[in-house]
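Undergrad: Take this structure first; my questions come after.
What follows draws every value from the coordinates through simple rules; no lab data is involved. This structure is a prediction, so every number in the text was calculated from the model and none was measured. When we count neighbours, we look across all protein chains shown, and the Cβ atoms used for this are built from the backbone with ideal geometry, even at glycine.
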Amino acid sequence: MPKDGQVMSSLEMRNLILDALAEEDPANTPHEMTFKMYGYKGCVSNLRAIVEFLAVKRGLTDKVVEFSPTAWGVPGGMLYYKSNTNFDYDELDIFTEEVHSLMFQNVLSPGATRSYGDDWPYFHVTKYGLECLQHKDVLPYDPDGYLRRLSAIVSVDEWEKFYVAQSLRCFNAGALEASIIMLGLAGEYLAGKLIDAMDAFLAKNEQTLSTQFSTALSGLTQISRKYAEYDKILKEVLKQKDGSGNCKYPALKSLSPQLDVPAKTVYATFLRLTRNELAHPTDVRMDRIECLTMLISYIKYCETQHQYLDFYTSNT
């Protein structure tokens, strides 16, 4: 049954499916059986059971019936909501759609040869699929996993972790507006670190640009306006040439394709505007999927921004 009357999104279902396939702890499955134990081969009914178990555990759907005992590789019968499944018919449709989408993307392939059957509903995880399982998004429903991913960024400090941890707590408590406010604070704190690091970098390496940057920042108090000046000076830094006429900072330039300047500006601006709207009395209300998407994308955003930060620090 959809939690709080909200049907699970395709994004949430897709990540549940990937988590179910990647799960290695039998205790996190309804029958203490994982796909890893069976060579990443099995039946759709096995996958659906683990997905359903994780959905209930993470509060994405209500538990209305006990998990029926089943053997691995047994297709099972028809599913009836409140009789032998906790998923309602909309959620079952979304599950089926996302499984077929993963097949189309070559993450899954029909057939579990030498084990169960050579066609659907038996399937196996492809070699490409196994790589995908190692690089899947970490969702905020798993705060420990999310924070571990964040903590893996070497230069992330305790304040950043604090703001993000608070954002995750709010999200999982259903306080979506508060979640984005805290995520916005994390983003603004990171922007402040980038501005200070750029200032120190320029003071050591580019005196003319350093003076230009200091003048531009003078009198500015809003972090958004300071960040806009940071963005401008970064473009100037990337234009600098060495004595041979080549790019003076190739390592810095190589970061741009990972998250280009316009993308960084759009994300930072959207996060700031959203936080400001929510922090003051307005009619703005966050949608769960919008909030979820921002939390997922923040990890990559943070990882890339810290690569810029690390460059400035190591060259100061």
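Undergrad: Between H100 and S155, what FRET efficiency comes out of the Förster formula 1/(1 + (r/R0)^6) with R0 = 45 Å and r the beta carbon distance, rounded to 0.05?
TA: 0.65
Undergrad: Given points 7 Å out from each Cα along the Cα-Cβ axis, report the Y81 to D25 separation in nanometres with one decimal.
TA: With each label placed 7 Å out from Cα toward Cβ, I get 3.1 nm.
Undergrad: Can you tell me the alpha carbon radius of gyration of region 36-157 divided by the globular rule-of-thumb value 2.2 N^0.38 Å?
TA: Normalised Rg, Cα atoms only: 1.20.
Undergrad: Using each residue's phi in region 75-84, evaluate 6.51 cos²θ - 1.76 cosθ + 1.60 at θ = phi - 60° and report the 3J(HN,Hα) Karplus result to the nearest Hz, with x for Gly and Pro.
TA: Calculated HN-Hα couplings, in order: x, x, x, 5, 9, 10, 4, 6, 10, 9 Hz.
Undergrad: Just need the relative contact order of the chain here, percent rounded to a whole number, with Cα pairs under 8 Å and 6+ apart.
TA: 15 percent
Undergrad: With θ taken as phi - 60° and the coefficients 6.51, -1.76 and 1.60, list the Karplus ³J(HN,Hα) couplings across region 165-172 in order, rounded to whole Hz; mark glycine and proline as x.
TA: The phi angles translate into 4, 5, 4, 5, 4, 5, 4, 6 Hz.
Undergrad: Please work out how much length the chain gains when fully extended from L217 to D144, using 0.36 nm per residue of separation minus the C-alpha to C-alpha distance, in nm with one decimal.
TA: 22.5 nm
Undergrad: What is the calculated FRET efficiency for A203 to S297, with r their C-beta to C-beta distance and R₀ = 45 Å, to the nearest 0.05?
TA: 0.90
Undergrad: Tell me the Rg and the Dmax, in Å, that the Cα atoms of the chain produce.
TA: Here Rg and the maximum Cα pair distance are 23.7, 75 Å.
Undergrad: So who's got an amide H within less than 5 Å of the one on T85, skipping anything under 5 residues away but keeping other chains? H placed 1.01 Å off N, in plane.
TA: Counting only residues 5 or more places away or on other chains, the set is Y80.
Undergrad: Once you treat every alpha carbon in region 87-133 as an equal point and sum by Debye, what is log10 I(q)/I(0) at q = 0.14, 0.21, 0.22 Å⁻¹?
TA: Ignoring solvent entirely, the Cα scatterers give -0.38, -0.74, -0.79.
Undergrad: So what's the angle, to the nearest 10 degrees on a 0 to 90 scale, between helix 207-217 and the longest Cα principal axis of the chain?
TA: It works out to around 70 degrees.
Undergrad: Quick one: what Rg and Dmax do you get for region 170-212 from the alpha carbons, in Å?
TA: Final numbers for Rg and Dmax: 16.6, 50 Å.
Undergrad: If the limit is 23 Å between Cα atoms, which of K204/K241; K136/K193; K204/K253 go over it?
TA: K136/K193
Undergrad: To the nearest 10 degrees, how steep is helix 288-314 against the longest Cα principal axis of the chain, on a 0 to 90 scale?
TA: Compared with the principal axis, the helix lies near 40 degrees.
Undergrad: Given an 8 Å cut-off on Cα distances and at least 6 residues of separation, report the relative contact order of region 96-226 as a percent.
TA: Computed value for region 96-226: 12 percent relative contact order.
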